[in-house]
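These notes concern the structure reproduced below.
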Amino acid sequence: MPKRYWLLKSEPESCSIQDLARAKQQTTCWDGVRNYQARNFMRVMKLGEQAFYYHSNVAPPCIVGIVEIVKEAYPDHTQFDPKDKHYDPKSKMNSPTWEMVDVKLVEIFPRPLALEELREVAALEGMELLRRGSRLSVQPVSPEQWKTVVRLAKRKQ
DNA sequence: GCCAACGTTGGC
DNA sequence: GCCAACGTTGGC
């Protein structure tokens, strides 16, 4: 399996990339995903693969940095916690429905790349994030798209 | 706060 | 299996 690239959405209100930078080991578990497609992508993530960190539900929505998979898919404990927002009463202990991965901060971009700006990049046409109505919170990014975004992030202003 | 675009649920 | 109703996501 060739190395793949990903994009993870997070509402900064719950966990911004700055929060991640302050976290123990700069690592967090990606819990709370309750969408099958997103879960299936997490299941195939491999150690060392990288993902863009995206801030959603804020103005402006933007890609803010890079994280790395430091633990492959394992059961998301919040599905069994009745007090948790993401509690899933239908999920069984012996066959958990939902999984998560651990991610570690790699870098925060010198400047955030706003969605609006990304929409204007021809090479990113077709990127899942830019698709109208796209809501997928865990999504694949092609190597070409990855390279393009990284290049944009490093470009001097 | 609005609402389009989804995904899920459940009656039939 | 269809599809209307509902809940959620997330840009704007």
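No lab work stands behind these numbers, since they all come straight from the coordinates. Worth saying up front: this structure is predicted, and the values here are computed from it rather than measured. Heads up, the Cβs are rebuilt from the backbone with ideal geometry, glycines too, and the neighbour counts pull from every protein chain shown.
Projecting each Cα onto the charge dipole of chain A (Lys/Arg +1, Asp/Glu -1 at the beta carbon, about the Cα centre), which of A:89, A:6, A:100 comes out farthest on the positive side?
A:6
Obtain the nm distance between the two label points defined at residue A:116 and residue A:29 by a simple spin-label model: each point lies 7 Å from its Cα along the Cα-to-C-beta direction.
Roughly 3.8 nm, to one decimal.
Taking the 0 to 90 degree range and rounding to the nearest ten, how far is the long axis of helix A:143-154 tilted relative to the main principal axis of chain A, both from C-alpha atoms?
Here the helix axis deviates by roughly 60 degrees.
With θ set to phi - 60°, apply the Karplus curve 6.51 cos²θ - 1.76 cosθ + 1.60 along segment A:28-40 and write out the HN-Hα couplings as whole Hz, x wherever there is a Gly or Pro.
Per residue, the Karplus-derived 3J(HN,Hα) values read 8, 8, 8, 8, x, 6, 10, 9, 5, 5, 5, 4, 4 Hz.
For residue A:81, which sequence-distant residues (separation of 5 or more, or a different chain) have an amide H within less than 5 Å of its own amide H, given hydrogens modelled in the peptide plane?
Close amide H contacts, sequence-distant or interchain: A:88.
By its C-alpha gyration tensor, with a ≥ b ≥ c as the square roots of the eigenvalues, how is segment A:1-75 shaped: rounded for a/c under 1.5, else prolate for a/b larger than b/c, else oblate?
Judged from the Cα gyration tensor, segment A:1-75 comes out prolate (a/c at least 1.5, a/b above b/c).
Nearest 0.05, what FRET efficiency do residue A:44 and residue A:135 give at R0 = 25 Å with Cβ-Cβ as r?
Working from the Cβ atoms, E equals 0.80.
Fewest first, what order do A:151, A:39 take by the number of other Cβ atoms within 10 Å?
Going from least to most buried by this count: A:151, A:39.
Please report how far the C-alpha centroid of segment A:128-157 lies from that of segment A:41-82, rounded to the nearest whole angstrom.
So the separation of the two Cα centres works out to 15 Å.
How many nm separate the modelled label positions at residue A:57 and residue A:85, each set 7 Å beyond the Cα in the direction of the Cβ?
0.5 nm
Quick query: amide H of residue A:141 versus all other amide H atoms, modeled in the peptide plane; which residues come in under 5 Å with a sequence gap of 5 or more or a different chain?
A:5, A:6, A:7
Kindly provide the GluC sites (Glu not before Pro) of segment A:1-97 that DSSP labels as loop, not H, G, I, E or B, and whose Cβ sees at most 15 other Cβ atoms within 10 Å.
Loop-located and lightly packed - none at all.
Taking the Cβ-Cβ separation of residue A:74 and residue A:107 as r and a Förster radius of 25 Å, what is the calculated FRET efficiency to the nearest 0.05?
0.50
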